[in-house]
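All remarks here apply to the structure that follows.
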Amino acid sequence: MVAKKSPFDPKIFLSVVGTGKTVSKYRKGEVIFAQGEMADSIYYLQRGRVKVVVLSEQGKEAVVGLIEAGQFFGEGCMNGHRLRIATTTTMEPCLITAISKSAMLAVLEKEPKFSALFMQHLLTRNSRVEEDLIDQLFNSSEKRLARLLLLLANFGKEAHPTPINPSINQETLPEMIGTTRSGVSFFLNKFRKLGLISYNGNIEVHQSLLNAILYEKPELTRRGKADHA
């Protein structure tokens, strides 16, 4: 009697070594791939957090994204990019699966469940890019910081908000929202005084921050002007 084949599980596929796949541990601060390198693999972050940095021709760096556990990155090679357009660096110890482009194409063609998972990732990433662009064009630095804190705390994804790790420091936050370090420090102190966040080693984001952004409470503006004065 032929043994019944186990159904394909995308999570198991992404967690183990196989043909065209490697699983590697990275220490904090290690570069996974660098801007300008050949792009021939896609990565899946099993554990940890990764930042995406772009370097301009003038040598200026900008953090353009954070990768959380359960997300793909480096998928530009699937879209014809021969070279990496950004550098990815670990922000804490990470466990990462690397999948060659050929292996990725094969599993996408063969396994509908995996195709659905990857498609969901692409749609989510596209929506996030659009939201980030609108955020940069139309929102103040204060609102951009508030939105970033809500995203980092996984508001709407978890039953309870996740404390923001100290690895997301006051150097990374300004680069992500396009403002100064002093500006971020001012707004964080303002949020803390208003009870919207609290510090305890980590940054803990409260529901009241989401409410303040959604309903644009006028006392935030008045309090902000008074504090700034």
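Under 14 Å between alpha carbons, and skipping anything fewer than 8 positions from residue 193 in its own chain: which aspartates and glutamates qualify?
Within reach: 204, 219, 227.
May I ask you to order 42-50, 163-171 by the average number of other C-beta atoms within 10 Å around their residues, highest value first?
42-50, 163-171
Report in % the part of the accessible area of the chain that belongs to carbon and sulfur, leaving out ligands and nucleic acids; probe 1.4 Å.
55 percent
Starting from the Cα gyration tensor of the chain, take the square roots of the eigenvalues, sort them a ≥ b ≥ c, and report rounded, prolate or oblate (rounded when a/c is under 1.5, otherwise prolate if a/b is larger than b/c, else oblate).
Taking the square roots of the gyration eigenvalues as a ≥ b ≥ c, the chain is prolate.
Pull out the extension gain between residue 131 and residue 78, defined as 0.36 nm times the separation in residues minus the alpha carbon to alpha carbon distance; nm, one decimal.
Gain in length upon complete extension: 16.8 nm.
For the range 1-122, with every protein chain kept in place, what is the accessible area per residue (1.4 Å probe, Å²)?
59 Å²
Taking +1 at the Cβ of each Lys and Arg and -1 at the Cβ of each Asp and Glu, which of 99, 136, 14 sits farthest along the dipole of the chain towards its positive end, judged by Cα position relative to the Cα centre?
Toward the positive end, the furthest listed residue is 14.
Of 60/190; 25/113; 25/101; 21/110; 28/51; 51/143, which ones are farther than 18 Å apart at the Cα?
Violating the 18 Å limit, Cα to Cα: 60/190; 25/113; 25/101; 51/143.
With θ set to phi - 60°, apply the Karplus curve 6.51 cos²θ - 1.76 cosθ + 1.60 along the range 124-131 and write out the HN-Hα couplings as whole Hz, x wherever there is a Gly or Pro.
Residue by residue, the range 124-131 yields 5, 5, 5, 4, 5, 4, 4, 5 Hz.
Going by amide H atoms built from the backbone, whose H comes under 5 Å of the H on residue 46, apart from near neighbours?
Here the answer is 70, 95, 96, 97, since their amide H atoms fall under 5 Å of that of residue 46.
Mind checking the angle between helix 141-152 and the chain's longest principal axis? C-alpha axes, 0 to 90 degrees, to the nearest 10.
Orientation of helix 141-152: about 40 degrees from the principal axis.
If R0 is 35 Å, what FRET efficiency do you get for residue 208 and residue 122 from their C-beta distance, rounded to 0.05?
0.55
Nearest 10 degrees is fine. How inclined is helix 101-110 to the longest principal axis of the chain, computing both from alpha carbons?
So the helix axis and the longest Cα principal axis differ by about 80 degrees.
Is there a quick way to get the dipole size of the chain? I mean about its Cα centre, with the Cβ of Lys and Arg at +1 and of Asp and Glu at -1; what is the value in debye to the nearest 20?
That gives a dipole near 420 debye.
Compute the helix-to-body angle for 181-193: its Cα long axis versus the longest principal axis of the chain, expressed 0 to 90° and rounded to tens.
Value to nearest ten degrees: 70.
Quick one: how many Å² of residue 179 are accessible to a 1.4 Å probe, rounded to 10?
Here the residue's solvent-accessible area equals roughly 40 Å².
The values are calculated or read from the model by the stated rules, or taken from the named source; none is laboratory data. None of these values were measured; they are calculated from a predicted model. A quick note on method: Cβ atoms are made from the backbone with ideal geometry, for glycine too, and the neighbour counts reach across all protein chains shown. Remember, those area values only see protein heavy atoms, side chains included, never the ligands or the DNA or RNA. Shrake-Rupley method; radii C 1.70, N 1.55, O 1.52, S 1.80 Å.
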